[in-house]
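Engineer: Please read through the structure below; I'll follow up with questions.
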Amino acid sequence: SGAAGTSPTLPKSPSGSLSSLVLSPSSTNAASAATSAALSEYGPNVATDGIDIVDWQGHNVTFRSWDFAGQDVYYSTHQFFVTDAAIYLVLFNLFDLTGSRVEYWLSSIQARAPNSAVLVVGTHLDECKSKYAEEICRHLKKKYQRAFPSIVDFVVVSTKTGKHVSELRSRLGQIATKKKLIGQQLPSSYMLIMRRIVAFKESCSRLHALPLLSWEDFCELADAVGVPAERAEHAASFLHRIGEVAYFGDEQHSLDRTVFCSPQWLVDVFSSVVTLSGSSVRNGLLKQSDLAFIWKAPRFPPEIHALLLVLLEKFDVIHHLAPDECIDGLQQIQPGAASASDGGTDSQSTKSSTIPPCSPSSSSSSS
């Protein structure tokens, strides 16, 4: 899936900020569709691995297109980037409604961003006649429009030939204006914070440093451009809504003490767990002692492992097991013996988490 958001024009205070997600399975190549729509480049689609963020210029608005991987294993990561300040594109293959899981994506958006705007977009228009595409859109509108009031339109495109892509771009601009997703009055100092965050991310990339800011460091950065401490959380939430950072503001899980400055880095964290296979995970069990082999320094140093576990557990990517549950689970996997890699059954090795299925069930699929 992918997302498109807008970045405000600097240094004016009216905000043109917007986020939107393009959601679909890998079979529809939704990520490539989002990038094609953004750049007006057409041709063979290539599936995204992780996340690809591209800016493109609309009419007086800069959109930020987020392309997320559409493979099943990435489904559980989409929720981290869902925001009401967005336009969502739910893409489906005109020849594969069931595989496109339209209803699953619509339900996910409605559950997490009920006030957003949704465009349902059919792809592969170059492979069918217009009459067939129109009939499919009528069928989907009749089936979903009343159940999902966030849907604003049903459109069809070809990212291979570019047919109707320019109309899609125009429609995005119209929706952004009508839904008042742009034009908010915000302090110009928020834009200055954004500039500094961008510079910080570039520095982290060059130096291979962690793209994280402690809350104290973020407040210091905000104060340097004239944002007082009492407004820092509002500024962080704004940057989260436009996709510049990820800030969850969750005191209960101590996630209000960290600002994640790189969406790509976060996706890498999630995918490192949800794509695990082989000896690290058996029957959905992951031992805490194995994290050192999964999250390796310098990209994921040991001192942030606890933070990452809290983040993954908050969003139900993993579930922590109590020691007695853990022991039972391990005995089911390896009756009567400890793993050879453990060197025994010390307390550290028996701390485990389960990884729930990340794919939608067949009942969530559209038909």
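The values are calculated or read from the model by the stated rules, or taken from the named source; none is laboratory data. Everything numeric in this text was worked out from a predicted model, so none of it was measured. We place every Cβ from the backbone using ideal geometry, glycine too, and count neighbours over all the protein chains shown. Side chains included, ligands, DNA and RNA excluded: accessible areas come from the protein's heavy atoms. Shrake-Rupley method; radii C 1.70, N 1.55, O 1.52, S 1.80 Å.
Engineer: Which members of the stretch 151-167 meet the condition of being surrounded by fewer than 17 Cβ atoms within 10 Å (Cβ to Cβ), among the hydroxyl-bearing types (Ser, Thr, Tyr) and in a loop (DSSP other than H, G, I, E, B)?
Structural biologist: Thr161
Engineer: Which of (1) in contact with a Phe, Trp or Tyr (Cβ under 9 Å, 6 or more places away or on another chain); (2) at pLDDT 95 or above; (3) assigned to a helix (DSSP H, G or I) is the odd one out, the single condition Asp217 does not satisfy?
Structural biologist: Result: Asp217 passes all but (1).
Engineer: Which one of these is modelled with pLDDT of 75 or more, more than 28 Å from Tyr104 (Cβ to Cβ) and not β-branched (Val, Ile, Thr): Leu286, Leu311, Leu291?
Structural biologist: Result: Leu291 is the single residue among Leu286, Leu311, Leu291 that is modelled with pLDDT of 75 or more, more than 28 Å from Tyr104 (Cβ to Cβ) and not β-branched (Val, Ile, Thr).
Engineer: If Ile197 passes every condition in (1) under 22 Å from the mean Cα position of the chain (by Cα); (2) of a type outside the set (Gly, Ala, Ser); (3) open to solvent by 60 Å² or more (accessible area, probe 1.4 Å) but one, which one does it miss?
Structural biologist: (3)
Engineer: What are the residues in the stretch 115-145 that are within 18 Å of Leu172 (Cα to Cα) and open to solvent by 30 Å² or more (accessible area, probe 1.4 Å), if any?
Structural biologist: Result: Asn115, single match.
Engineer: Kindly indicate whether Glu244 is free of Cβ contacts under 8 Å to residues at least 40 places away in the same chain and either within 27 Å of Leu309 (Cβ to Cβ) or more than 22 Å from the chain's Cα centre (by Cα) (or both).
Structural biologist: No.
Engineer: Being modelled with pLDDT of 90 or more, open to solvent by 40 Å² or more (accessible area, probe 1.4 Å) and over 16 Å from the mean Cα position of the chain (by Cα) is the requirement here; does Glu251 meet it?
Structural biologist: no
Engineer: Sticking with this structure for a sec: Quick check on my filter: what residues within the stretch 220-247 are surrounded by fewer than 20 Cβ atoms within 10 Å (Cβ to Cβ) and not in a helix (DSSP H, G or I)?
Structural biologist: Within the stretch 220-247, Val225, Gly226, Pro228 qualify.
Engineer: Keeping to the stretch 205-214, report how many residues are surrounded by fewer than 17 Cβ atoms within 10 Å (Cβ to Cβ) and either assigned to a helix (DSSP H, G or I) or not hydrophobic (A, V, I, L, M, F, W, C) (or both).
Structural biologist: Residues in the stretch 205-214 being surrounded by fewer than 17 Cβ atoms within 10 Å (Cβ to Cβ) and either assigned to a helix (DSSP H, G or I) or not hydrophobic (A, V, I, L, M, F, W, C) (or both): 5 in total.
Engineer: Quick one: Ser189 ticks every box in (1) at pLDDT 85 or above; (2) outside any strand (DSSP E or B); (3) in contact with a strand residue (DSSP E or B) (Cβ under 9 Å, 6 or more places away or on another chain); (4) open to solvent by less than 30 Å² (accessible area, probe 1.4 Å) except a single one, so which number is it?
Structural biologist: (3)
Engineer: Scan the stretch 114-133 for residues that are under 20 Å from Thr98 (Cβ atoms) and among the acidic types (Asp, Glu) and jot them down.
Structural biologist: Glu127 - this is the single residue of the stretch 114-133 that is under 20 Å from Thr98 (Cβ atoms) and among the acidic types (Asp, Glu).
Engineer: Of the residues in the stretch 171-208, how many are without any contact (Cβ under 8 Å) to a residue 60 or more places away in the chain and over 18 Å from Pro228 (Cβ atoms)?
Structural biologist: 13
Engineer: Sort out which residues of the stretch 299-318 are part of a helix (DSSP H, G or I), under 17 Å from Pro211 (Cα atoms) and in contact (Cβ under 8 Å) with a residue 60 or more places away in the chain, and write them in order of number.
Structural biologist: Ile304, Leu311 - these are the residues of the stretch 299-318 that are part of a helix (DSSP H, G or I), under 17 Å from Pro211 (Cα atoms) and in contact (Cβ under 8 Å) with a residue 60 or more places away in the chain.
Engineer: From the list Asp328, Asp316, Asp342, Asp324, which residue is open to solvent by 20 Å² or more (accessible area, probe 1.4 Å), modelled with pLDDT under 80 and in contact with a Pro (Cβ under 7 Å, 6 or more places away or on another chain)?
Structural biologist: Asp316
Engineer: Moving on to the next point. Take the stretch 276-298 and flag every residue that is outside any helix (DSSP H, G or I) and surrounded by 13 or more Cβ atoms within 10 Å (Cβ to Cβ).
Structural biologist: Leu276, Val281, Arg282, Gly284, Leu285, Leu286, Lys287, Trp295
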